[in-house]
Amino acid sequence: MSLNTHRRIRVILAGGGTGGHIYPGVALANEFMARKDKKIDCLMLITSRHGDEYILKNERIPYRILPVEGMRLGLSINTFMDLYRFAISFVRSWRIISVYMPDIIIGLGAYASFPAVIIGRTRGITTLIQEQNSLPGKANRFLGRWVDGIFTSFPESKRFFPSHKTRALGNPIRFVPEQTDKRQHRSAWGLMPDLFTVMVCGGSRGAHTLNLNAVEAFRIMKKKDIPFQAIHQTGKDDFEWTKRFYDEEGIKALTSPFFDRMMEIYPLADIVISRSGAGTVSELAASGIPAVLIPYPYAKADHQRVNAMSMARTGAARLIDEAKLKGRSLADEIIYLFQNPERLNEMGRASLRMGRPDAARKICDQALLWLEEKERDKRGRCILN
């Protein structure tokens, strides 16, 4: 049956726990629902963590909450509670799928994606996964054996999955800004139009170690009379003291605990000092912004370091291990790039070459193609398997 019919197509996107899992789902849902040639409805299944619902509250995407958050190892009451929440999530997912009757289920990673994808597979629904990181997580590595198709953000990730049903199409991002005049853009945000601008971003919840060392680096730069201004996403816990630092030092700065639309903020900066989550790396590349990346050292399987190395190998970023991070070394890095604008421009060009701003569109196109192929297969299995 062709998909060019008047019937509605229904898509479930399941995953969560961090912005890195939720934001790609938001980008895909918005892309699906914006299709003019097809009528597509989307539903997201997310975890009970507050951050998931916070991200979705300003989006026009319906969602349901699953109690699953993660799985802790060992024998403890917490382990049994995790198993209980996992079981409840299976039951709840089964009921939701039975009522919603989706045509496609896309797992976005983490344990919240597991129930929906497994149930979808057993019921003959087209099941897909989207892996954001260079080093896939446990849930996606397992699910990759069973699903109809796999999307990866980095070409390096393809080796973990069956090649015949894996496509490296990039990490979907929510919003790709139009090219604007940087001077006017800065003025609109209350910044100096011609001043060297350094952005610090530790992720949606901030990063205390990164904040401390960035502040120390800026203090050193001010003493050395380096002309600059700052943009700083601090996280909720560090906002007050960080803002007070800029006020007391007389440093021009745009500060916030959290910026809702980062793709509007990145183009303000000449360089970004950041963690290297998959979403951040993808947004930086799509924006063509040079970066100094400090991977979060406790990320599962050290995947942030793998993401950062992928950027560093192309010349789009410089990498500093957190164990070696000091305010002085960070200041030296920023000053070097400030004094070598051609090197900074080269990094920006390399970053842009890595960018995949059309990832959401390509993933949706391929998902609909796989759905159509599966519906044409009278035996009810994906012809790619």
Residues located in region 364-385, provided they are at pLDDT 95 or above and either touching a Lys or Arg at 6+ places or on another chain (Cβ under 8 Å) or surrounded by fewer than 19 Cβ atoms within 10 Å (Cβ to Cβ) (or both): 364, 365, 366, 368, 369
From 238, 225, which residue is among the acidic types (Asp, Glu) and in contact with a His (Cβ under 9 Å, 6 or more places away or on another chain)? 238
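Residues checked against (1) modelled with pLDDT under 90; (2) closer than 19 Å to residue 357 by Cβ:
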| site | (1), (2) |
| --- | --- |
| 123 | no, no |
| 136 | yes, no |
| 143 | no, no |
| 155 | yes, yes |
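Residues are listed down the side, and each one gets a yes or a no for (1) outside any loop (DSSP other than H, G, I, E, B); (2) within 19 Å of the chain's Cα centre (by Cα); (3) at negative phi; (4) of a type in the set (Gly, Ala, Ser):
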site	(1), (2), (3), (4)
117	yes, no, yes, no
128	yes, yes, yes, no
133	no, yes, yes, no
140	yes, yes, yes, no
Would you mind finding the one in 349, 328 that is part of a helix (DSSP H, G or I), basic (Lys, Arg) and closer than 24 Å to residue 242 by Cα? 328
So which pairs qualify, if the first residue must be in region 151-162 and over 20 Å from residue 370 (Cα atoms), the second must be in a helix (DSSP H, G or I), the Cβ gap must be under 7 Å, and the two must be at least 6 apart or on different chains? 154/310; 156/310; 160/141
Please note which helices (runs of 4 or more DSSP H) are completely contained in region 200-295 and include at least 1 residues that are over 25 Å from residue 22 (Cα atoms). 208-223, 239-249
Looking at (1) more than 22 Å from residue 102 (Cα to Cα); (2) touching a Pro at 6+ places or on another chain (Cβ under 8 Å); (3) of a type in the set (A, V, I, L, M, F, W, C), can you tell me which one residue 150 breaks? (1)
Can you report the number of residues in region 210-246 which are within 25 Å of the chain's Cα centre (by Cα) and surrounded by fewer than 15 Cβ atoms within 10 Å (Cβ to Cβ)? 2
So which residues in region 124-143 are without any contact (Cβ under 8 Å) to a residue 60 or more places away in the chain, surrounded by fewer than 24 Cβ atoms within 10 Å (Cβ to Cβ) and touching a Ser or Thr at 6+ places or on another chain (Cβ under 8 Å)? 139
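The values are calculated or read from the model by the stated rules, or taken from the named source; none is laboratory data. As the structure is a computational prediction, the values presented were derived from the model and not from experiment. FYI the Cβ positions are ideal-geometry reconstructions off the backbone, even for glycines, and counts take in every protein chain you see.
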